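Please read the structure below before turning to the comments.
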């Protein structure tokens, strides 16, 4: 197994973070009733993970560069346990929001510096490592969305929240004993030159896909209620939709980037996943908003997750082509995570409310389709090979001519 086994505790930590995050998704109507707040306030609980990435993502990249990625991962595991315990015992909405934000800090600390993990352990397999890492986060989100209604039905809201605590504790123990052998040769490297203007295109792609994915996972149950589904059915189908989207996200990130990497077809991968992502957006958004066809809606959610997250993952890996060492690679993926999560932090809060009424839903639909169309047309412009390699080749060419 070699280096692959070193990644197992890291991947499980990402899984538990995703699970703790999106177990809330199908329970949005329940949380609204328990705390007596509106839909936007409950969506804020889910978007809090995006806010923490925006605020702390660059710090996570800096920590991994200056003190090694192990420091970031140890901190993520500990903070996740503390925040989730606090969330499980919160007596009101404000306490739940505050402790949820604490738990959410684990997300940037673990996910933002993934470029360092990939570049220091498996540099030649960057698309594969980053793809599987992203996939494990979304697999956790999928399981949370799928199992949330069932755990709630069996054990209530408290039981659902304590389930996330148990998983987080297991992850913390495994991280504590499982990542001691992570490389440290890049410690203290300069981060000068980590930003390149071309990365902004990648950031937009990630922002648009992340925002729509999280928003539709959160509003699915609410929109189904508009279609006259019962509360129980809306909760069940909402969990199914969110789960399918994140299951698709996990499988897409785990399967497609490694496949395109194996055959060295990075450009084809970016363009094809971008186009198919937009096609799936049409099916998901129009299906949920204007029909009650559960099978078609479910297919839209799954396919959006599958192609959208593969595109998201490849766009993230593309940012590491602008830099030359693991420290800068971690900071590049941190910048990507920060700016893509601006979408998670703000877009669902801004647009999510439009999906709460048939009188405003067309505004939300139009905005989402425009966001994803722009993302699609950017796919041919993303970088597919190291900038340094291009410069080096040019220099060798000049040398041969002389």
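From most to least packed by mean Cβ count within 10 Å, the peptides 262-269, 111-118 give 111-118, 262-269.
Can you put 134, 54 in order of Cβ neighbours within 10 angstrom, beginning with the fewest? It would help to have the intermediate numbers written out before the result.
Values: 134 27, 54 20.
Sorted ascending by nearby Cβ count, the order is 54, 134.
In this label model, residue 265 and residue 59 are separated by 4.3 nm, measuring between points 7 Å along each Cα→Cβ vector. Can you give the angle from 0 to 90° between the axis of helix 69-88 and the longest principal axis of the chain, with both taken from C-alpha atoms, to the nearest 10? Relative to the chain, helix 69-88 is tipped by roughly 10 degrees. Residue exposure proxy: 227, 127, ordered by other Cβ atoms within 10 angstrom of their Cβ from fewest to most, comes out as 227, 127.
Averaging Cα coordinates gives a centre for the range 22-48 and one for the range 234-290; these two points are 25 Å apart.
Sorted fewest first by neighbouring Cβ atoms within 10 angstrom, 302, 12, 138 come out as 12, 302, 138. Working note: 222 nm ellipticity from helices only, DSSP H runs with n ≥ 4, each -39,500 (n - 2.57), summed and divided by the residues of the chain, gives -28000 deg cm²/dmol to the nearest 500. Extending 7 Å from Cα along the Cβ direction at residue 155 and again at residue 233 yields two label points whose distance is 3.0 nm. What angle do you read, to the nearest 10 degrees and between 0 and 90, between the alpha-carbon axis of helix 39-67 and the longest principal axis of the chain? Roughly 20 degrees between the two axes.
Relative to the longest principal axis of the Cα atoms of the chain, helix 326-351 runs at roughly 30 degrees. The relative contact order of the range 3-391 comes to 28 percent, based on Cα pairs under 8 Å that sit 6 or more residues apart. FRET efficiency for the residue 366 to residue 173 pair, using the beta carbon distance and R₀ = 51 Å, is estimated at 0.60.
The listed peptides 282-288, 104-110, ordered by packing as a protection proxy, come out as 104-110, 282-288 (highest mean of other Cβ atoms within 10 Å first).
On the basis of the beta-carbon distance and an R0 of 45 Å, residue 255 and residue 196 show a calculated FRET efficiency of 0.95.
One entry in (1) 19.1; (2) 21.2; (3) 17.8 is mean projected area of the Cα convex hull in nm² calculated from the shown coordinates; its label is (1). A simple spin-label model places pseudo-atoms 7 Å from Cα toward Cβ; at residue 374 and residue 3 they are separated by 3.7 nm. The packing ranking, built from the mean of other Cβ atoms within 10 Å per residue, places the peptides 196-203, 270-277, 15-22 in the order 15-22, 270-277, 196-203, highest first.
Every read-out reported here was derived from the displayed coordinates using simple, explicitly stated rules and does not represent laboratory data. Nothing here was measured: the structure is a model prediction, and the numbers come from that model. Neighbour counts run over all protein chains shown; Cβ positions are idealised from the backbone, glycine included.
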